[in-house]
Structures are given as structure tokens and as C-alpha cells.
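Okay, so here's the structure we're looking at.
The values are calculated or read from the model by the stated rules, or taken from the named source; none is laboratory data. For clarity, every value in this text was computed on a predicted model and none was experimentally measured. Glycine also receives a Cβ, built like all others from the backbone with ideal geometry; neighbour counts cover every protein chain displayed. We work out accessible area using only protein heavy atoms, side chains counted, and drop any ligands, DNA or RNA first. Shrake-Rupley method; radii C 1.70, N 1.55, O 1.52, S 1.80 Å.
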Amino acid sequence: MKALRLIHDGSMDPYHNMAVDEAIAIAVGGGESMPTLRLYGWRPSAVSIGYFQELEGEVDLGFCASHKILVVRRITGGGAVFHGSGELTYSFAAPAGDRAIPQDVQDSYALICAPIVAALKKLGADARFRPVNDIEVGGRKVSGNAQTRRFGAVLQHGTILVGLDRSLLPSLKVKKAKLEGKGVGAVADRVTTLEDILGRRIGISQLAGLFAEEFQSAFGCPLVEASLTGGEEKL
């Protein structure tokens, strides 16, 4: 990997966010764009569901409608995720044949999550990667990640919970067996936030800056700040 394009986006609606991630993956996989790290947020609040999930079994659509929470499907796998204003989301896309990216899916999750763990440690959080695709602090989830290999690209994206309005978590229908497997009884007991962990406010822009530094260090290549290409915008 010779260079990594860095795109700083603000908070966008969920349909636009997922469309941009997919367009970047197509362009990167087709050799039209360089490997890309994109950092962004969500407005309004949303729930994203994984590529293979059954919508009504995973999301309380009535709750979402009454609280103006939008629902979008990702092209990546994984479970349903609530996205609010108190989070930073990243997406990372590289050609599937790039020698910097392990062919083994579990190894690639660990590699791409490593700079996130490093950034959280710099803030003072004792973060750890937990296979298959979570980052935890004290056994509680602070980041969930999802990946797909399509269009000739590896696309991984994930969220980092900085703050969280827990009153909106009933938007998710999490099966009891899944929670019990994690040793907890409710979604709110399973997740934590950086502000809860550190006991202070964390700026989203500060966290984004640390992410950029750690991805540059992890992949040993320069960052090139840029925007979407015309082809990506059109797609």
C-alpha cells in the first residue's frame, strides 16, 4: 500500500453514508481510487442491519418510526447497530489483493482494528480486540465492526461509541440467547462509551485525528486528504 486516501465527512443521513461506502469499495476494487479511510457521523439517528439479517426480527420498526430513527441495510454482515450523534464511524477500503491485507478474514479484522485499539489506548482506555469483530474495554463493547469482500475490494467499517442515548436502544430487538452468551441481560449492559470509561468529554474531531495517525502508522504509508472522485459521486 503506497498511500491511503483520507476522507473527512460530517454527519450524513444513513442512506448516503452506506451508498458512499459502497461506491468507494467499487472504485477501490476497480483500481479507480486508492485505498481509503473515511471518517463520518450520522444525522438523523439510524439503525443499520447486516446484509443477511431479517429486518422485522432485529428492529422494532414502530419504535423507530415514533422516534424518527431511520433504518438502512449494510452491504456488510454482522448484527443490527444503533447509530446516534455520539459516535465516530470509519470505513476502510483496500484492493482485495493488496499484500498489506491478510487473506484470512479473522486476521484482517485484527489488523484493521489494531489502529483503533491503539487510538483508544492513547486516550487512556484499556481497549482490546475481541474476535470475531468487537473492541472491548473491561469486557464491554465500545466498537463493533463489519466486513465484506466484494467488487475486488475489502471493505470494513465500524462504530466507536463516544457517547450514547440509551433511551433509544429499544430500537434493537436483540435475542435473549445472544445477550446471555455475553453474560449480560440487556443491550445497555453489553455496551459502554468512551465518555463512561474515561469520565470526561471526548471530542469527535480529536478521536478522528488519532484514528488518522494510527492508521498511517499501522500501514506505514502517507495519508492523502481528499474528497470523493467525480466517478464515486456519480455512482
Checklist entry - What tally of residues in region 28-39 results from selecting those that are charged (D, E, K, R) and open to solvent by 10 Å² or more (accessible area, probe 1.4 Å)? => result 1
Checklist entry - What do you reckon, is residue 230 surrounded by 16 or more Cβ atoms within 10 Å (Cβ to Cβ) and modelled with pLDDT of 95 or more? => result no
Checklist entry - Do the conditions hold for residue 78, that is, is it touching a residue at least 24 places away in the same chain (Cβ under 8 Å) and of a type in the set (Gly, Ala, Ser)? => result yes
Checklist entry - Just to be sure, is residue 73 over 27 Å from residue 223 (Cα atoms) and over 12 Å from the mean Cα position of the chain (by Cα)? => result yes
Checklist entry - In region 81-105, how many residues are surrounded by fewer than 21 Cβ atoms within 10 Å (Cβ to Cβ) and part of a loop (DSSP other than H, G, I, E, B)? => result 10
Item to check | When residues of region 177-213 are limited to those that are among the basic types (Lys, Arg) and in contact with a helix residue (DSSP H, G or I) (Cβ under 7 Å, 6 or more places away or on another chain), the one modelled with the lowest pLDDT | outcome: 182
Checklist outcome for this item: Within region 106-138, the count of residues that are exposed (fewer than 15 other Cβ atoms within 10 Å of the Cβ) and either in contact (Cβ under 8 Å) with a residue 12 or more places away in the chain or within 14 Å of the chain's Cα centre (by Cα) (or both) comes to 7
Checklist entry - Taking the stated definitions as given, is residue 48 in a loop (DSSP other than H, G, I, E, B), under 22 Å from residue 232 (Cβ atoms) and hydroxyl-bearing (Ser, Thr, Tyr)? => result no
Checklist entry - If we keep just the residues of region 1-27 that are in contact with a Ser or Thr (Cβ under 6 Å, 6 or more places away or on another chain) and of a type in the set (A, V, I, L, M, F, W, C), which is surrounded by the most Cβ atoms within 10 Å (Cβ to Cβ)? => result 24
Next on the checklist: Condition first: closer than 25 Å to residue 106 by Cβ, aliphatic (A, V, I, L, M) and part of a helix (DSSP H, G or I). Can you find one or more residues in region 28-40 that meet it?
Outcome noted: yes
Checklist outcome for this item: With the first residue restricted to region 34-60 and required to be under 24 Å from residue 162 (Cα atoms), and the second required to be of a type in the set (Phe, Trp, Tyr) and modelled with pLDDT of 95 or more, Cβ contacts under 6 Å at 6 or more apart or on different chains are 37/92; 37/215; 39/90; 47/82
Checklist entry - In region 66-80, how many are crowded, with 22+ Cβ neighbours inside 10 Å and among the hydroxyl-bearing types (Ser, Thr, Tyr)? => result 1
Item to check | residue 68 vs. criteria part of a helix (DSSP H, G or I) and of a type in the set (Lys, Arg) | outcome: no
Item to check | Residues within region 139-164 that are within 18 Å of the chain's Cα centre (by Cα) and in contact (Cβ under 8 Å) with a residue 60 or more places away in the chain, tallied | outcome: 18
